[in-house]
Amino acid sequence: MPLILVISHSGCGAVKAAMGKEPLTPLIEDLVQPIRESLRSGDDLTQAIQGNAQYAARQVMQRSNLIAEAKDTGKVRIIPVYSDLNSE
């Protein structure tokens, strides 16, 4: 069965920026705004990164009827994955 992997990674700078209070440039603000929609209060950075991957996996199905139909009929799986870049 084909897989679609939505891969997140430890220390993600985009998620850090989305969680931060510092002012961002307009370009960076545009990039992190969708990430803010995935954030839950109380999450630490790792939880926020993992939550963003889950959110992005749901977005794939919401934005593509073709992929949503393939998932619903068991033709493809969509899996959010977290990669710890500090592990060996």
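Return the FRET efficiency for the residue pair residue 82, residue 25: r is the Cβ-Cβ distance, R0 is 30 Å, and the value is rounded to the nearest 0.05.
The value I calculate is 0.60.
Dipole of the chain (Lys/Arg Cβ +1, Asp/Glu Cβ -1, origin at the Cα centre): which of 34, 61, 47 lies farthest to the positive side?
The listed residue farthest towards the positive side: 61.
Net charge within 15 Å of residue 60 by Cβ-Cβ distance, Lys/Arg positive one each and Asp/Glu negative one each, not counting residue 60 itself?
Charge balance near residue 60 sits at +2.
Using only alpha-carbon positions, what ratio does the radius of gyration of the range 3-83 give when scaled by 2.2 N^0.38 Å?
Rounded to two decimals, the normalised Rg is 1.19.
Pull up all non-local amide H partners of residue 9: gap of 5 or more, or a different chain, and H-to-H distance under 5 Å with H placed in the peptide plane.
Placed amide hydrogens put 83 under 5 Å from residue 9.
What does the charge dipole of the chain about its Cα centre add up to, to the nearest 20 debye, if the Cβ of each Lys and Arg holds +1 and the Cβ of each Asp and Glu holds -1?
Charge dipole, the chain, about its Cα centre: 280 debye, nearest 20.
Just the Cα atoms of the range 39-88: what Rg and Dmax do they give in Å?
13.5, 38
From the helices alone, meaning DSSP H stretches of at least four residues, give me the mean residue ellipticity at 222 nm for the chain, per-run term -39500 (n - 2.57), in deg cm²/dmol to the nearest 500.
-15500 deg cm²/dmol, from helical runs alone.
Laboratory data are not the source of any read-out in this text; all were calculated from the coordinates shown. As the structure is a prediction and not an experimental result, all values here were calculated from the model. With ideal geometry, Cβ positions are generated from the backbone for all residues, glycine too; neighbour counts draw on all protein chains shown.
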